[in-house]
Amino acid sequence: MDADLSSSQQCYLDWTYDQKKLISIAPRIPCVLSIIGSGYIICNIINENKWSSSLCNRLMFGMSVCDMIGSFAQFFTTLPMPADAVVDGGPSIDKCYFGNLGNATACELQGFLIHSFTIAVPIYNASLCIFYLLYVRHDWDEQRLRKIEPLMHGFALYPMITAILIWNNGLFNPGITFCWIARYPLGCSQDGEVECVRGESTFITRWLAVAAPLAVSFITIIITMALLCLFVYQQDARIAAFRPEDQRNYECSRKVFWRACRYVGAYLLVWLPTIAYVVNTSSFGYDGFEFALFVFLIVPLQGALNAMIFSEDCLSCWYCRRSISRIFGISASDDDSVFDADVSVATAVETACVSAASA
């Protein structure tokens with residue numbers, strides 16, 4: 001990445017040393033949480049033999065594998081960036097960044113892993129919503145769902161295909177917090193004082209390789225969730241006329257629907273700020289530190305949030321509340337009774353859903 005450039009002594013980002021240090025170290029904490037969360041889901045599915053029981057579990061497995069690898073690559077933040085590269089035609093990156101000790105190959109590998117697997121997570125989110133729509137609204141069984149499963153996993157390979165092309169065209173370069181699709185030197189422009197050496201076509205590439213799959217995933221999630229909401233609303237209006245066995249199926253549908261809502265909520269929490277940040281930086285040149293720090297702390301949390309939902313976080317909250325009560329010597333008899341009742345209800349509904357799925 002050596003370049004014979006002008007002698008401007010301005011870094012691309014006018015942040016203090018402490019800010020650069022913070023945005024390099026802080027994102028590693030949510031990365032670790034996400035790796036642990038995704039690892040929990042993977043181990044749970046494998047150890048309890050849930051792989052063959054439901055397409056939902058296989059989609060969650062694929063999403064968790066992608067999130068774990070993407071979070072692992074993000075964990076290194078600025079470390080893989082070449083120490084001898086330059087910024088905006090001026091000083092070397094080690095004077096503008098914190099902790100960069102890598103080389104060009106390490107930087108490109110980090111960019112490849114982040115793009116291939118992190119962008120695949122929202123695609124799996126969209127596939128999960130399609131599963132919930134077909135299972136709840138259209139009453140598809142596992143055998144019928146298996147026929148479209150290869151397409152769902154195939155769509156998640158799109159980021160890896162584009163990542164291979166991006167790598168071959170030299171578009172994985174040092175960014176703000178990690179290596180990804182960026183021009184080199186960072187801050188260069190074909191029409192500006194500093195000419196780009198690599199990554200001239202990043203604008204078009206970002207739209208095709210990043211914005212397109214994110215937009216399709218977002219639209220798919222919104223449409224499927226709207227149809228699910230409409231279905232549940234219509235079921236609510238007719239519940240009084242249900243027979244007992246129909247009411248059981250209705251309770252199962254509501255349980256699956258609300259779990260889908262929680263997964264979508266986790267997706268929106270992670271990706272809406274990310275999309276807003278990418279648009280602001282790419283189209284309007286935004287370089288604010290606070291919003292950037294918030295986004296880089298949120299992006300790796302997808303795995304941790306998924307693990308909370310996967311492990312029935314509502315029951316975990318009751319368990320934590322009961323444990324805290326016991327630690328501080330507070331009477332927990334009421335909490336215990338409610339907790340036990342909640343477990344019984346959840347177990348009964350889960351059993352009914354499993355029975356309905358296998359019917």
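The values are calculated or read from the model by the stated rules, or taken from the named source; none is laboratory data. Being a predicted model, the structure only gives us computed values, none of them experimental. Every residue, glycine as well, gets a Cβ built from its backbone with ideal geometry; the counts of neighbours run over all protein chains shown. With ligands, DNA and RNA removed, areas are computed over all heavy atoms of the protein, side chains included. Shrake-Rupley method; radii C 1.70, N 1.55, O 1.52, S 1.80 Å.
Under a Cβ-only charge scheme (Lys and Arg +1, Asp and Glu -1), can you give me the dipole magnitude of the range 17-328 about the Cα centre, in debye to the nearest 20?
Values: 23 positive and 23 negative charges, 231 e Å.
Magnitude of the dipole: close to 1100 debye.
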Rough spin-label spacing in nm, given labels placed 7 Å along Cα→Cβ, for Gln19 and Ile222: 3.2 nm
Residues whose placed amide H lies under 5 Å from that of Gly102, excluding near-sequence neighbours: Met81, Ala83
Point-to-point label distance, Leu101-Ala211, nm (Cα→Cβ direction, 7 Å offset): 3.8 nm
Net +/- balance of residues flanking Phe296 in space, Cβ distance below 15 Å, scoring K and R +1, D and E -1: +1
Amide H contacts of Trp180 (H built 1.01 Å from N, under 5 Å, at least 5 apart or other chain): Asn173, Gly175
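At 1.4 Å probe size, with every protein chain present, just tell me what the per residue accessible area of the range 17-328 comes to in Å². Let's see the in-between values first.
Numbers: 14580 Å² over 312 residues.
Result: 47 Å² per residue.
Leaving out ligands, DNA and RNA, and with a 1.4 Å probe, what % of the accessible surface on the range 17-328 is carbon or sulfur?
Working: 9620 of 14580 Å².
Accessible surface attributable to carbon and sulfur in the range 17-328 totals 66 percent.
To the nearest 0.05, how large is the calculated FRET efficiency for Ile204 and Arg28 if R₀ is 41 Å and r is the Cβ-Cβ distance? Write down the numbers at each step before the final one.
Working: r = 32 Å, r/R0 = 0.78.
Efficiency, from the Cβ-Cβ distance: 0.80.
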Unit charges at the beta carbon, dipole of the range 17-328: most positive-side option, Val194, Phe178, Ala73: Ala73
Under the Karplus curve 6.51 cos²θ - 1.76 cosθ + 1.60, θ = phi - 60°, whole-Hz ³J(HN,Hα) for the range 72-81, x wherever Gly or Pro sits: 4, 5, 5, 4, 7, 6, 7, 4, x, 5
Label-point separation in nm, Asp141 to Ala276, each point 7 Å along Cα→Cβ: 4.6 nm
